[in-house]
Amino acid sequence: MARMSRRSPSPGRPPVVLICGGGIGGLVAALCLDRAGLHPVVFEAARQIRPLGVGINLLPHAVRILTALDLGPALASAGIATADLRYYTRRGEPIWAEPRGIDAGYRWPQYSVHRGELQMLLLDAVRTRLGPDRVHTGHALASFETTASGVEATFTDRTSGNTVANVHGDLLIGADGIHSVVRAHHYPDEREPVFSGRLLWRGVTEADPFLTGRSMIMAGHANQKFVAYPIGPGSSGRMRINWIAERCVSDPSNRGRSSGAETDATPVVRDWNRTVDPSHFLPWFEDWRFPWLDVPALIRGAGAVYEFPMSDRDPVARWSFGRTTLLGDAAHPMYPVGSNGASQAILDALALANALRHAEPGSDLADALTSYEAARLGPTSQIVLANRQQGPEAVMQMVEERAPDGFKHLSDVISDAELADTARHYKRLAGFDPDALNRQGDTLFPETDVDADA
Ligand SMILES: Cc1cc2nc3c(=O)[nH]c(=O)nc-3n(C[C@H](O)[C@H](O)[C@H](O)COP(=O)(O)OP(=O)(O)OC[C@H]3O[C@@H](n4cnc5c(N)ncnc54)[C@H](O)[C@@H]3O)c2cc1C
């Protein structure tokens, strides 16, 4: 590929923002920054963006932002509006149930959606609205230098190793995921992501609808859990059910029933697309057959099963260094607990656009990145730490510890107040308390300001 060099527009033109990473966070950042009057350009390492991954959830605060970006109808047809969330013991006894999204009184739905389909929907929106030349695939950020006037970034093709572009921008955003090059540049001594001791196996299976047909369920406890929710219609009246089986393997007593090396306590391969044979973990879930869901049948029915070691990173003190900052998983990789990974990346994207929307190329750009960091680093660090304690799912572990052999009445084990408090506390922490969220407006930016596209 030809080597190219691009220069930033002269002063008076919108600041050029180099977004490294075309995942959920990077693409939503491009849409928000465009609305804020900046000139974002996305650089994605993959040569071709394909609909990879399995299911994720978008919480109402993130859906508010996507709706303000005029993506509401597209989301509604891509995903399933989650009606309720239910927790069960490993024997299928109910612990907690709460309505979700519109059913819970939010002004915006919660969606369960295929991650890759969401990414393609966002990619299409960026290419259509900003122009086809604003997303460069096959451009992996290799290195960058900050200068008085901006950032010089070098991109390579990961397959050939060749440099494909040297690009000048006013700002550089690291939206490059859990293995962020931008983060590693600023934190060269930071080691690999911290392994939780738990492995996740994920898949999508066509099966009959369960419970409301729009329910999200979690069964088990901290050492072994199963999560399932529909992400779209399947064939012949069935649904595409996303599922996640999880098992703690750092405790030696939890190992040994699997035939695979995947049960080693220190796996290092953190590749979202790594497939495994389900026989490695199926025995642990073989007797999880509930009247409303047959877990082993769901596992057996998946076309492909992906293994991922549940990992995060310790929160850092800074994301913004001069003209560069971090966003999404690059900034705050967290355990997939409480449905927050993609949602928090989307909240970052809007906060970044809010901080930058009055900025001109000049000294205040770095200050704007510091303001963005001030708005988002504290709240997201708290979620990273709360998710290490199981977030709202902690009630499942409480019940397991207090009544490992089952119970006659749940109220003998845990009170309604304790259950409700745990759920309420996490919603506040993660920014989706219904009353507070419903007071927010429908527009992207505060209504006292003029939207850049208005
Ligand atoms: C292929 C894939 C599959 C996933 N599947 C799931 C899933 O099934 N369930 C789930 O809960 N979460 C999944 N995730 C993670 C989830 O998407 C994120 O936790 C969340 O959406 C936050 O998004 P993000 O944009 O910050 O990070 P990511 O979604 O990880 O996106 C980061 C992007 O940056 C690109 N990139 C990486 N390095 C560079 C570089 N040096 N230069 C340029 N681009 C770079 C990556 O290719 C990727 O497209 C997946 C992530 C990926 C990349």
The correct count of residues that are open to solvent by less than 10 Å² (accessible area, probe 1.4 Å) and either of a type in the set (S, T, N, Q) or within 16 Å of the ligand (Cβ to nearest atom) (or both) in region 339-372 is 10
What pairs can you find where one residue is in region 327-338 and outside any loop (DSSP other than H, G, I, E, B), the other is of a type outside the set (Val, Ile, Thr) and more than 9 Å from the ligand (Cβ to nearest atom), and their Cβ atoms are less than 6 Å apart, with a gap of 6+ or different chains? Ala330/Arg183
Evaluate region 185-197: report whether one residue or more is crowded, with 22+ Cβ neighbours inside 10 Å, within 15 Å of the ligand (Cβ to nearest atom) and assigned to a strand (DSSP E or B). no
Region 207-223 - residue that is outside any strand (DSSP E or B) and open to solvent by 20 Å² or more (accessible area, probe 1.4 Å) and, of those, farthest from Thr82 (Cα to Cα): Asn223
Matching entry among Ser180, Ser143, Ser149 (being at pLDDT below 95 and either assigned by TED's automatic domain parsing to the domain that holds Val41 or surrounded by fewer than 16 Cβ atoms within 10 Å (Cβ to Cβ) (or both)): Ser149
Odd one out for Ala46 among (1) within 15 Å of the ligand (Cβ to nearest atom); (2) buried (at least 20 other Cβ atoms within 10 Å of the Cβ): (2)
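Here is a list: Gly79, Gly72. Which entry is open to solvent by less than 30 Å² (accessible area, probe 1.4 Å), more than 10 Å from the ligand (Cβ to nearest atom) and either assigned by TED's automatic domain parsing to the domain that holds Glu206 or without any contact (Cβ under 8 Å) to a residue 24 or more places away in the chain (or both)? Break it down into steps so the answer makes sense when it comes.
Details: Gly79 fails: either assigned by TED's automatic domain parsing to the domain that holds Glu206 or without any contact (Cβ under 8 Å) to a residue 24 or more places away in the chain (or both).
The conditions single out Gly72.
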Picked from region 9-37 (must be surrounded by fewer than 24 Cβ atoms within 10 Å (Cβ to Cβ) and in a loop (DSSP other than H, G, I, E, B)), the residue modelled with the lowest pLDDT is Pro9
Selection within region 136-157 - over 16 Å from Val41 (Cα atoms), among the aliphatic types (A, V, I, L, M) and more than 9 Å from the ligand (Cβ to nearest atom): Ala148
So, Arg86, is that one assigned to a helix (DSSP H, G or I) and at pLDDT 95 or above or not? no
Index of the failed condition, His168 passing every other in (1) part of a strand (DSSP E or B); (2) under 26 Å from His332 (Cβ atoms): (2)
Quick check on this structure: which one of Ala331, Ala386 is more than 14 Å from the ligand (Cβ to nearest atom) and either open to solvent by less than 10 Å² (accessible area, probe 1.4 Å) or of a type in the set (A, V, I, L, M) (or both)? Ala386
Residues of region 224-247 satisfying the condition of being more than 15 Å from Arg86 (Cβ to Cβ) and open to solvent by less than 10 Å² (accessible area, probe 1.4 Å): Ile231, Gly232, Asn242, Ala245
Being within 20 Å of the chain's Cα centre (by Cα) and within 14 Å of the ligand (Cβ to nearest atom) narrows it down to one of Ile217, Ile244, so name that one. Ile244
Among Arg91, Arg134, the single one that is of a type in the set (D, E, K, R) and open to solvent by less than 40 Å² (accessible area, probe 1.4 Å) is Arg134
Which of the following residues is closer than 30 Å to Thr325 by Cα and aromatic (Phe, Trp, Tyr): Phe432, Phe407? Phe432
Assess whether Gly174 counts as being away from the ligand (no atom under 15 Å from the Cβ), under 30 Å from Ala359 (Cβ atoms) and open to solvent by less than 60 Å² (accessible area, probe 1.4 Å). no
I need the full set of residues from region 94-129 which are closer than 17 Å to Val42 by Cα and open to solvent by 20 Å² or more (accessible area, probe 1.4 Å), in order please. Met120, Leu121, Asp124, Arg127, Thr128, Arg129
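The values are calculated or read from the model by the stated rules, or taken from the named source; none is laboratory data. All values reported here derive from a predicted model rather than from experimental measurement. Here the Cβ is made from the backbone with ideal geometry for all residues, glycine too, and neighbour counts use every protein chain on show. Each accessible area value is taken on the protein alone, full model and side chains, heavy atoms only, with ligands, DNA and RNA left out. Shrake-Rupley method; radii C 1.70, N 1.55, O 1.52, S 1.80 Å.
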